[in-house]
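Please treat every number below as a calculation from the coordinates, not as lab data. All values reported here derive from a predicted model rather than from experimental measurement. Cβ placement follows ideal geometry from the backbone for every residue including glycine, while neighbour counts extend to all protein chains displayed.
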Amino acid sequence: MSAHRLKRLAVTWILAGWSVHAVGAQTHPVVQAAQEAEQSLQARIGLAVLDTADGQLWLYRADERFPMASTSKALICSALLARGPGAMKTAWLIKEEAVQSYAPTTENLIGQYVSAAQLCAITMRNSDNTAANGVLEMLGGPQAVTSFLRTIGDTVTRLDRNEPSLNEATPGDLRDTTTPQAMVQTLQSLVLGDALKISDRDRLTDWLRHNEVGGPLLRAGVPESWTVADRTGAAGYGTRGVVAVMWPPERAPLVAAVYITETKASMEARNAAIAAIGKVIAQAVDQKAQP
């Protein structure tokens, strides 16, 4: 990456509507919804939502660190996309000993060579952990993802371990964490900005749109007419998260990150809380459209 482009990305990180119209917890229903969910779940919740139509930000605990869990898979595959077409054609042999406990697709592909592009399509579609580890091996390990993030201006997010260890999510552990604000800015750069080439950006967006395990989260809260491209995650200590770019019809998109952790609430309750936040986001968009 040229010094000129790196500088441009760094400027984008700071200026792309990011410091404009930040909204505090006492003034907006979206942030209040996060607070209410936090109280009802007895959890710690972080939220960042960027409305690219006007640069408005809705933030709650947005600069606190949260475990990424499988939301990191969007970053893993972005790092591979950035290496160019040749990297996506590289094949990886799925060995029986490499198959993880959650591998709904790759457990049926033992002994086969699968391309990097196929591995990303698999892990982004159903969060297959073996596929994610295969991509990480091709990259040279989790630290390669962190290094990639630094080149696009993300100085916060870090990936340290493979699946399933990155899902330990021990409170206070900095490994494999991000902040909602950092994740939203990174997702904006990857899907809507110029952190990736146009063809790679389109491919990433397509993978995110075809996520098959995001239904109970933000997708459940926003209207069916919205196009949602998301990546979800779950981990220890009640961790649940989703990062998304959402396009209401005939309108500029929103970029969102919601993370829940440190709770004993059920998966169903955590999913419902995120869906409820999604509903309030949609209501806020509708309110903006009112004359």
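For the reader, a short list of remarks on this structure follows.
- Converting phi to 3J(HN,Hα) with the Karplus coefficients 6.51, -1.76 and 1.60 and the offset θ = phi - 60°, the range 72-86 yields 5, 5, 5, 6, 4, 6, 5, 4, 6, 4, 5, 7, x, x, x Hz in sequence order, with x at every glycine or proline.
- Over all directions, the projected convex hull of the C-alpha atoms in the chain averages 14.4 nm² in area.
- In terms of the mean number of neighbouring beta-carbon atoms within 10 Å, the peptides 155-165, 73-83 order highest first as 73-83, 155-165.
- Ranked by how many other beta carbons lie within 10 Å on average, peptides 225-237, 128-140 from highest: 128-140, 225-237
- What the pair-distance distribution of the range 105-165 shows, using all Cα-Cα distances binned every 10 Å from zero, is 22, 48, 25, 5 percent.
- The mean sequence distance of close C-alpha pairs (under 8 Å, at least 6 residues apart), as a share of the length of the chain, puts its relative contact order at 24 percent.
- Overall dimensions of the range 186-291 by Cα: Rg and Dmax, Å: 14.3, 45
- Neighbour cut-off at most 15 other Cβ (10 Å), DSSP loop, GluC sites (Glu not before Pro), the range 182-274: Glu212, Glu224, Glu250
- Shape class for the range 73-181, computed from the alpha carbon gyration tensor (a ≥ b ≥ c): oblate, with a/c not under 1.5 and a/b at or below b/c.
- Three principal axis lengths of the range 140-229 [C-alpha, angstrom, descending]: 39, 30, 23
- In sequence order, the range 126-133 has phi-based couplings of 10, 6, 4, 6, 5, 4, 4, 5 Hz under the Karplus curve 6.51 cos²θ - 1.76 cosθ + 1.60, θ = phi - 60°, and Gly or Pro positions carry x.
- Per-residue packing, averaged as other Cβ atoms within 10 Å, sorts the ranges 251-261, 35-45 into the order 251-261, 35-45, beginning with the highest.
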